[in-house]
Amino acid sequence: MIIPDCMPEPSESVLWLILYNNQLIDTKPQQPHYAPPLLTLEELPQAKRGYTAKIGDYEGRAVYMLVADADMKFPARWQWLPLRQCLLRTNELLFSLGARACQIQHFLSTHKFCGRCGSALAQSRDELAVVCGACKTTDYPRISPCIIVGIYKDKQILLAQGTRHPQGLYSVLAGFVESGESLEQTLKREVKEEVGIEVTDIEYVMSQAWPFPHSLMAGFVARYAGGEITPDPTEIVTADWFHFDALPQTPPQGTIAAKLINVVAQKVGL
Ligand SMILES: [Zn+2]
């Protein structure tokens with residue numbers, strides 16, 4: 001549970017996810033795993049000047065987030081690293097706590113004025129929300145659902161290079177849910193729009209918060225049902241069927257895309 005706008009006891013050691021400008025502080029940037037600082041409030045007096053919230057627990061410790069500002073000074077051996085670089089070097093639980101912290105920071109930084117009447121918004125004292133003092137509108141953090149799907153045909157998987165992917169990286173297809181759609185409708189529409197094929201036997205696999213900036217990825221696998229691959233050039237550079245012994249460069253372990261590729265491999269008996 002998220003407890004907004006709160007502090008730990010002064011002498012309690014807690015993990016701090018410290019954020020600023022889409023970056024997180026890593027105390028051991030050379031190590032393979034992301035390492036947030038473990039400190040008491042007395043050892044981190046900067047926390048009294050920024051927004052803090054308790055966002056969960058990790059290995060018996062409370063986890064707090066702190067939204068830093070440009071004037072806060074931290075030890076020189078610590079390093080600010082982009083969110084992705086920290087969160088993709090961690091495990092599932094710390095990833096989800098990091099995702100939570102990032103999304104709360106994004107929410108607070110993009111909700112300063114009321115969308116209905118334009119008055120300044122204030123943070124709610126009892127829940128993670130902002131409230132308009134003039135018209136009483138309450139806004140909560142936005143979460144944008146997306147589908148992501150591993151499609152198989154015989155013993156091959158469909159992988160595509162998106163126009164927004166780094167050069168040479170191939171992944172499974174993904175897309176945002178539009179107003180009024182079910183996840184299954186989104187899946188069929190996105191697959192048809194992006195690569196021009198039909199799918200069937202849609203099976204839900206898992207989900208993952210994806211805080212860039214506020215997606216919730218719902219992961220599926222589906223079987224090819226018909227059509228020729230015809231990439232939409234605005235979204236897809238190239239797409240093709242791949243055998244598992246000759247995969248191109250794909251997303252790193254820890255991402256839902258990598259997990260779906262593994263699930264498809266098991267499904268087709270590899
Ligand atoms: Zn208002």
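The values are calculated or read from the model by the stated rules, or taken from the named source; none is laboratory data. Since we're looking at a predicted model, the values are computed, not measured. Here the Cβ positions follow ideal geometry from the backbone for every residue, glycine too, while neighbour counts run over all protein chains shown.
Go through segment 209-240 and report how many residues are assigned to a loop (DSSP other than H, G, I, E, B), among the charged types (D, E, K, R) and touching a residue at least 40 places away in the same chain (Cβ under 8 Å).
1
Selection over segment 55-75 of residues that are surrounded by 11 or more Cβ atoms within 10 Å (Cβ to Cβ) and either free of Cβ contacts under 8 Å to residues at least 12 places away in the same chain or under 19 Å from the mean Cα position of the chain (by Cα) (or both) gives a count of 9.
Looking for something at pLDDT below 95, small (Gly, Ala, Ser) and closer than 27 Å to Leu270 by Cβ - is there at least one such residue anywhere in segment 205-219? No.
Quick check: anything in segment 76-85 buried (at least 17 other Cβ atoms within 10 Å of the Cβ), modelled with pLDDT under 90 and outside the structural domain of Glu194 (by TED's automatic domain parsing)? Within segment 76-85 (the criterion being buried (at least 17 other Cβ atoms within 10 Å of the Cβ), modelled with pLDDT under 90 and outside the structural domain of Glu194 (by TED's automatic domain parsing)), the answer is yes, since at least one residue qualifies. Residues being surrounded by 13 or more Cβ atoms within 10 Å (Cβ to Cβ) and aromatic (Phe, Trp, Tyr) are entirely absent from segment 176-197. Are any of the residues in segment 242-261 surrounded by fewer than 16 Cβ atoms within 10 Å (Cβ to Cβ), at positive phi and of a type in the set (Gly, Ala, Ser)? No, segment 242-261 contains no residue that is surrounded by fewer than 16 Cβ atoms within 10 Å (Cβ to Cβ), at positive phi and of a type in the set (Gly, Ala, Ser).
Checked against the criteria, Gly269 counts as in contact with a Lys or Arg (Cβ under 8 Å, 6 or more places away or on another chain) and surrounded by fewer than 16 Cβ atoms within 10 Å (Cβ to Cβ).
Checking each residue in segment 181-208 for being in a strand (DSSP E or B) and either out of contact with any helix residue (DSSP H, G or I) (no Cβ under 8 Å at 6 or more places or on another chain) or of a type outside the set (D, E, K, R) (or both) picks out Val199, Thr200, Asp201, Ile202, Glu203, Tyr204, Val205, Met206, Ser207, Gln208.
Tell me which residues, restricted to segment 151-165, are over 13 Å from Pro248 (Cα atoms) and either under 18 Å from the mean Cα position of the chain (by Cα) or not β-branched (Val, Ile, Thr) (or both). Passing the criteria: Tyr152, Lys153, Asp154, Lys155, Gly162, Arg164, His165.
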